[in-house]
Each structure stands twice: as structure tokens, then as C-alpha cells.
Amino acid sequence: MDERGRPTVEKAPIRSDPGQVRLSDADREQAASRLQQALAEGRLSTEELDQRLARAFAAQLPQDLVPLLRDLPEPAAPAAHPDGTPLVGGEPGPRRSSVALLGTIRRAARWVVPARYTAAATLGTVELDLRDAVFAAPETLLRAYGLLGTVRVIVPPGVTVRAAGRSVLGPFGRGLDTGAATAAATGVTVRIEGVAFAGAVQVEVREPEPPKAPQAPRRNWWFVRIQKR
């Protein structure tokens, strides 16, 4: 009722038609990304890409993009760890290098790998286990230096590794020629550059370790003996 005692009529909210909602810049960029990926895969020629990109950036409604993407495959779901954590994404910490001198340094478990990282070992070993890691970018550049020492990089199947470095009295990229279990590509690439001088830069492809079952707390023998008394 209004102030004059007359019944009020509530107006139903106006609902937008999904097919008539105007595209955002992010929508156009997403379509352009799919078109550029199709060019990289050989599905489109350069001329076809230019034509479709022009129409994609001029599109106003969702149906304007349908004929541009109808004959292209749907984008693959982003790669993720078994627990659902995306393989790519996240903010790395301030640490950008691992240096071992007369000792061993190991980085493993869940950590965010920066897009640029350096590992150096002199009379020691640096082991970078990336099987449970999250990558800050789809492509990571790892500079590895095995100077009288060893740098070992462990990656899960599906991660592409490209090693191109110099070796003097030591192997660089050992392990890439041994083959690996077939796995779906994750879209993640690790490029390894650097030098192996009287040392080694090794790459290993391993399946992630299964989660360990929780163990009961251990008690010292003297505690058990006191309890029995």
C-alpha cells in the first residue's frame, strides 16, 4: 500500500538475455587467443587468422563469435595436480636461486617456481624436484651451472624440457635421451641453459610420489617401559 492507501504493484526485474549481452574486451581477447592457437597448430593460415581476428575484435554479441570458432576444437582444460591445484599460476617467493658449495640443497614439495631461476653447484649438489611444484609462467628458464658439482632437475611426465648448454668434461642434460612414459602434454615448458664443467646437469622424468599414509607417533622405549610399570 502507498501513502494514499492504494495497493502497490511490484515490477518484475528486467532480466537480460544471455545471447544479447554485449561482449567485453576480455571475451574478445579470449577468442583471439583461440584463433592464434589454431594458427600455431596449423589449423588456420595467416590470411585466415587476420580475417578472423578483425571480425573478432569488431564483434558485439556472443553469436558474432560463433562462426569464427565453430570449426576449431574447444580449449583444453588447464593442467592441474591430482589435488586440483592448477599447474600454472601463483606468486613466487623472493628466492630466485639455489647455490650449493660443499653441500647439498634440495627444493621439493609444493613451491612456486619463478619464471627465471638459477641453480649452481660447486663441490656439491642442487636438486630441484618440480613434480609437486606450481609454475609461475607456462615457460620457465632455468640457468644451471655444475662446476665440479651436480645440478639435478626432476620433472613429472607431460612437462616439456629443452636443454641447451655447454659441457666441458661433464654431461649437460643427461637423462633427456632415455625416454619417458607417455603423458598428455601439460603446456608447461622448462628451458635449461648453462654450463657443466667437470660436473653434471641432469634431468629426470619421474611420476609424482603417492601421498604417504599418516603414521602413528613413535614412543621411546623408556617411555613404554615406564607406562608398563
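The values are calculated or read from the model by the stated rules, or taken from the named source; none is laboratory data. Please read all numbers here as calculations on a predicted model, not as lab measurements. Backbone-built Cβ (ideal geometry, glycine too); neighbour counts: all protein chains shown.
Can you tell which of Arg106, Arg110, Arg152, Arg95 is charged (D, E, K, R), surrounded by fewer than 18 Cβ atoms within 10 Å (Cβ to Cβ) and outside any loop (DSSP other than H, G, I, E, B)?
Details: Arg110 fails: outside any loop (DSSP other than H, G, I, E, B); Arg152 fails: surrounded by fewer than 18 Cβ atoms within 10 Å (Cβ to Cβ); Arg95 fails: outside any loop (DSSP other than H, G, I, E, B).
Among Arg106, Arg110, Arg152, Arg95, only Arg106 is charged (D, E, K, R), surrounded by fewer than 18 Cβ atoms within 10 Å (Cβ to Cβ) and outside any loop (DSSP other than H, G, I, E, B).
Just name the residue that is nearest to Gln30 (Cα to Cα) out of those in region 54-97 that are in contact with a Gly (Cβ under 9 Å, 6 or more places away or on another chain) and in the same structural domain as Ala26 (by TED's automatic domain parsing).
Initial filter on region 54-97 (in contact with a Gly (Cβ under 9 Å, 6 or more places away or on another chain)): 61-63, 76, 78-79, 87-88.
Keeping just the survivors that are in the same structural domain as Ala26 (by TED's automatic domain parsing) gives 61-63.
Details: Leu61: 14, Pro62: 12, Gln63: 15 Å.
The extreme case among them is Pro62.
Please enumerate the residues belonging to region 114-148 that are of a type in the set (Lys, Arg) and in contact (Cβ under 8 Å) with a residue 60 or more places away in the chain. Explain how you work it out, then say what you get.
Residues of region 114-148 that are of a type in the set (Lys, Arg), as a first pass: 116, 131, 143.
Matches in region 114-148: Arg131 only.
Those residues that are modelled with pLDDT under 90, over 30 Å from Gly124 (Cα atoms) and surrounded by 15 or more Cβ atoms within 10 Å (Cβ to Cβ), I need them from region 44-87; list them, please. Even if it seems obvious, please write down each step before you answer.
Going residue by residue through region 44-87, those that are modelled with pLDDT under 90 are 73-87.
Keeping just the survivors that are over 30 Å from Gly124 (Cα atoms) gives 73-86.
Listed by number, the residues that qualify are Ala79, His81.
How many of the residues making up region 149-163 are touching a strand residue (DSSP E or B) at 6+ places or on another chain (Cβ under 6 Å) and either touching a residue at least 60 places away in the same chain (Cβ under 8 Å) or among the charged types (D, E, K, R) (or both)?
2
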